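**Student:** Structure in structure tokens, see below.
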Protein chains: 2
Amino acid sequence: MIDAQIIREAIRKKKARKEEFLGFEYLRFSDDFHHIVRGTAIFHDCSVPGYPHIGRIFMLEKGIREQFEVPFWVEEKVDGYNVRVFKTGERVIALSRGGYICPFSTDRLQDFLNLSFFDENPDLILCCEVAGPENPYIEESPPYVNSDVRFFVFDIMRKEGGEFLSQEEKLSILSDYALPGVEVFGRLRAQDIQKVREIVMKLDEEGREGIVLKEDRKGGRRAKFITEKANLSDIKITAGNMLQLPAEYYTNRILRIVLFMEEEGIERSRRLYTELGRAFIDGLFEAIEQYKREGKVSRKFTCRFRTREMALAQIELLKRTSKHIQILDESLEKEGDFWVLSFSKVYMNMTGLLGHLLGGGLVFD
Amino acid sequence: MIDAQIIREAIRKKKARKEEFLGFEYLRFSDDFHHIVRGTAIFHDCSVPGYPHIGRIFMLEKGIREQFEVPFWVEEKVDGYNVRVFKTGERVIALSRGGYICPFSTDRLQDFLNLSFFDENPDLILCCEVAGPENPYIEESPPYVNSDVRFFVFDIMRKEGGEFLSQEEKLSILSDYALPGVEVFGRLRAQDIQKVREIVMKLDEEGREGIVLKEDRKGGRRAKFITEKANLSDIKITAGNMLQLPAEYYTNRILRIVLFMEEEGIERSRRLYTELGRAFIDGLFEAIEQYKREGKVSRKFTCRFRTREMALAQIELLKRTSKHIQILDESLEKEGDFWVLSFSKVYMNMTGLLGHLLGGGLVFD
């Protein structure tokens, strides 16, 4: 368990705060604090460690040689959002990366995860990517999830201490409980770089996000690598809402694209110039067109719930935690076995800036 | 004069500090403070107001209709750096925008400005753009200055109170003293928008930076507008040194380009996609190539001085005021009537990042 004195200090410094939601009372770490990872949550009967940051390499070959001393597993990095699923009291719930109980993921996990796992393994946490076009948080989704969402387990973590199970243990549990995992491409070594490169190229072609590399030993190092297409897609999808993200979001992705080209020896072809420019310009143009049509910049989200109560809780959470975003036009309708929730996120900063600029306003910079 | 109590408060809050340079002692405002503009300087015999910020419009027609109530003058915005030139004691000196005495501009102003102006008008300040390929600060320069620099007067300011002379007074002084001014395109009204647009298009074609609009009345409003080509060029020139600038520098320029296209109805043609992408990619590639060749990202600067003493003072100032930039490889040689100073600016952040990434390092973002 986490030292009681550190907890008191974290509360005093506002790095940890009490949350009450969906009948639970718990302590949530809103920032990294000493060795405690942001998103760590302390419930009455257990602590759930935050999911640790994974560093990114920009150069595939150099990065692998530099970071890894022993063979490593190569897995797909699925483009969704990260949840930690576990049992507390008699319920199984899902925590977001930041440590909020996610109503949507908690409501839907029964559709994708075999719950007997948690009865038999109350000390373990399933770390899952929830991905698909119908989720309440993000606009991007993998090309092979065409509707709704799916859960993909990529790690199994011990509540106590936050240690990850080994790849073998993880794969054996996934198989025993028929749990859905991310695609595993194999166990490779630094000299297999050509194989890694082929995996990345194939994922890029298929519009998938990238890979996570995990050293095959206890406490091994990890690194992620993102495809060129995913970097371009991030720019395009978010450009219309540029002010919502730190501007480094963009400079960082441009640098990734150029270093990817540099490593692969891709010529600075007209194609790449055009695609990068297109990502920015189309994204922004769409926002401007929407502003002129509707007087606001917004995106529509739809997601399916099993229970009406959790759909309402989702709206409440979004309204409470979204900064500079207004949640509007909520509708909730029963369709077959589901409650279908739809709503718009209005990006207030971009809406305000475009209104100011299109109206001829001055900007001092 | 500025209220003594405000000065004391500014010093206490570190918004104003004493400077000693080139035999002068003065007080320099390093930030805006109450109504005092950053760069304001107080000498023993006079104060020199900071040059006030000019807001930018992103939409030409709407901006002009919104901002201006009376006719306005349209002048070229020259791509250089801003200095205020004035007399203190028996010397004429040039202050940078931030309020530092600029050794280079001070050394060279005699070559471009008729100094008898200052004997006869000790209460006036010439606000000039210094532009050309051989200057110690910036890489961009106007297409019509092929070597060295030139001075372009764009405003005349009273020391007392910081008021600008009217356009008529300014033009008459420039003519009387044969002082070089920026190009003035005329006095126009909001209904002349087509004329303004033609001026901007012509400047864009010629690779010139943009225009400044000045309402033709005392204390009138002002606004600037930048051409598409200048925005693209800013991105290209600085991309190799991305970390030195706030990332908003880039998002802001992309937004300008898209709104310019939006207003002009330019189709989202392949040309523009390509040019925006090219600006980022070529700029960064050049930095990577340079890093691989030389182990650092740097730019070379050359400028011509009349006196050796001022060249040495320039190097001293650059070393003292450059953040995250190392000044290296200085050389100073007599060539004809000039002392030619050359040096490199090494961009430490970009050098460090590229070294880390190209070596396979991890980044946590």
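**Student:** What is the dipole size for the protein assembly as shown, taken about its Cα centre, with +1 at each Lys and Arg Cβ and -1 at each Asp and Glu Cβ, in debye to the nearest 20?
**Tutor:** 1160
**Student:** Would you compute, for the Cα atoms of the protein assembly as shown, the largest minus smallest coordinate along each principal axis and list the three values in descending order, in whole Å?
**Tutor:** 94, 55, 53
**Student:** Same structure, new question: Nearest-5 percent of antiparallel DSSP beta bridges in the protein assembly as shown?
**Tutor:** Given both bridge residues lie in the protein assembly as shown, the antiparallel proportion sits at roughly 95 percent.
**Student:** Please average, across the residues of A:350-362, the number of beta carbons from any other chain that are within 10 Å of each residue's own beta carbon, and give a whole number.
**Tutor:** Per residue, the number of nearby Cβ atoms from other chains is 5 on average.
**Student:** Going by a ≥ b ≥ c, the root eigenvalues of the Cα gyration tensor, does region B:110-248 fall in the rounded group (a/c under 1.5), the prolate group (a/b larger than b/c) or the oblate group?
**Tutor:** Judged from the Cα gyration tensor, region B:110-248 comes out oblate (a/c at least 1.5, b/c at or above a/b).
**Student:** Counting each pair of different Cα atoms once, what's the Kirkwood radius of region B:298-358 in Å, rounded to one decimal?
**Tutor:** 12.5
**Student:** Need one number: nm distance between label points at A:Arg306 and A:Phe24, each 7 Å from Cα along Cα→Cβ, rounded to one decimal.
**Tutor:** 1.6
**Student:** For region B:298-358, build the charge dipole from Cβ charges (+1 Lys, Arg; -1 Asp, Glu) around the Cα centre, then report which of B:Ile315, B:Tyr347, B:Gly336 sits farthest towards its positive end.
**Tutor:** B:Tyr347
**Student:** Compute the label-point distances linking A:Ile193 to its equivalents in the other copies; points lie 7 Å from Cα along Cα→Cβ; give nm, one decimal, shortest first.
**Tutor:** Ordered by distance, the counterparts are at 5.7 nm.
**Student:** Here is a further query. At most 13 other Cβ atoms within 10 Å and a DSSP loop assignment: could you name the GluC sites (Glu not before Pro) in region A:159-260 that fit?
**Tutor:** A:Glu160, A:Glu163
**Student:** Under the definition of partner shielding as Cβ atoms of other protein chains within 10 Å of a residue Cβ, what is the mean value for peptide A:227-234?
**Tutor:** Partner Cβ neighbours, averaged per residue: 0.
**Student:** Using the Cα centre as the reference, give the magnitude of the dipole from point charges on the C-beta atoms of chain B (Lys, Arg: +1; Asp, Glu: -1; all else neutral), rounded to the nearest 20 debye.
**Tutor:** The dipole of chain B has a size of about 1000 debye.
**Student:** If contacts are Cα pairs under 8 angstrom and at least 6 residues apart, what is the relative contact order of chain A in percent?
**Tutor:** Normalised by residue count, the contact order of chain A is 15 percent.
**Student:** Percent relative contact order of region B:298-358, based on C-alpha pairs within less than 8 angstrom and at least six residues apart?
**Tutor:** Relative contact order, region B:298-358: 42 percent.
**Student:** Using a label position 7 Å from Cα in the Cα→Cβ direction, what is the ascending list of nm distances from A:Glu20 to the same site in the other copies?
**Tutor:** Here the equivalent label points are 6.4 nm apart from this one.
**Student:** Okay, moving on. Give, rounded to the nearest 20 debye, the magnitude of the charge dipole that region A:77-190 has about its Cα centre when Lys and Arg contribute +1 at Cβ and Asp and Glu contribute -1 at Cβ.
**Tutor:** Here region A:77-190 has a charge dipole of around 260 debye.
**Student:** Considering only the label points, 7 Å along Cα→Cβ from Cα, what distances in nm to one decimal separate B:Thr302 from the same position in each other copy, shortest first?
**Tutor:** 6.5
**Student:** Plugging the Kirkwood radius over Cα pairs into Stokes-Einstein for chain B, at a temperature of 37 °C and a viscosity of 0.692 mPa s, what D comes out in µm²/s?
**Tutor:** Approximately 148 µm²/s, per Stokes-Einstein.
**Student:** Which residue, chosen from A:Gln290, A:Thr227, A:Phe280, occupies the Cα position most advanced towards the positive end of the dipole of region A:227-294, where the dipole is computed from +1 (Lys, Arg) and -1 (Asp, Glu) charges on Cβ about the Cα centre?
**Tutor:** Final value for the positive-end residue is A:Gln290.
**Student:** If you count, for each residue, the other Cβ atoms within 10 Å and average over each peptide, how do B:119-132, B:44-57 line up from highest to lowest?
**Tutor:** By packing density, highest mean first, the sequence is B:119-132, B:44-57.
**Student:** Expressed as a rounded percentage, what relative contact order does region B:203-274 have, with Cα pairs under 8 Å and six or more residues apart?
**Tutor:** The value is 23 percent.
**Student:** Kirkwood hydrodynamic radius, computed over distinct alpha-carbon pairs, for region B:227-291: how many Å, to one decimal?
**Tutor:** One over the average 1/r among Cα pairs gives 12.2 Å for region B:227-291.
**Student:** Here's something else I'd like to know. Modelling each spin label as a point 7 Å along the Cα-to-Cβ direction, I'd like the A:Ser342/B:Gln326 distance in nm, to one decimal.
**Tutor:** 5.9
**Student:** Can you give the Rg to Rh ratio of region B:255-365, both from alpha-carbon atoms, with Rh computed by the Kirkwood formula?
**Tutor:** Rounded to two decimals, Rg/Rh equals 1.14.
**Student:** Efficiency by 1/(1 + (r/R0)^6): what FRET value for A:Asp123 and A:Tyr249, r their Cβ-Cβ distance, R0 = 35 Å, to the nearest 0.05?
**Tutor:** 0.40
**Student:** Sort region B:50-168 into rounded, prolate or oblate with this rule: let a ≥ b ≥ c be the square roots of the eigenvalues of the Cα gyration tensor; rounded if a/c is under 1.5, and if a/c is not under 1.5, prolate when a/b is larger than b/c, oblate otherwise.
**Tutor:** Verdict is oblate for region B:50-168.
**Student:** Do any GluC sites (Glu not before Pro) in region B:262-365 lie in a DSSP loop with no more than 14 other beta carbon atoms within 10 Å, and if so, which?
**Tutor:** B:Glu267
**Student:** Just tell me how shielded B:52-63 is by partners: mean number of partner chain Cβ atoms within 10 Å of each residue's Cβ, no decimals.
**Tutor:** 4
Bear in mind these aren't lab numbers, they're just calculated from the coordinates by the rules spelled out. Treat the numbers as computed from the prediction; the structure is a model and nothing was measured. So basically every Cβ, Gly included, is an ideal-geometry build from the backbone, and we count neighbours across all protein chains shown.
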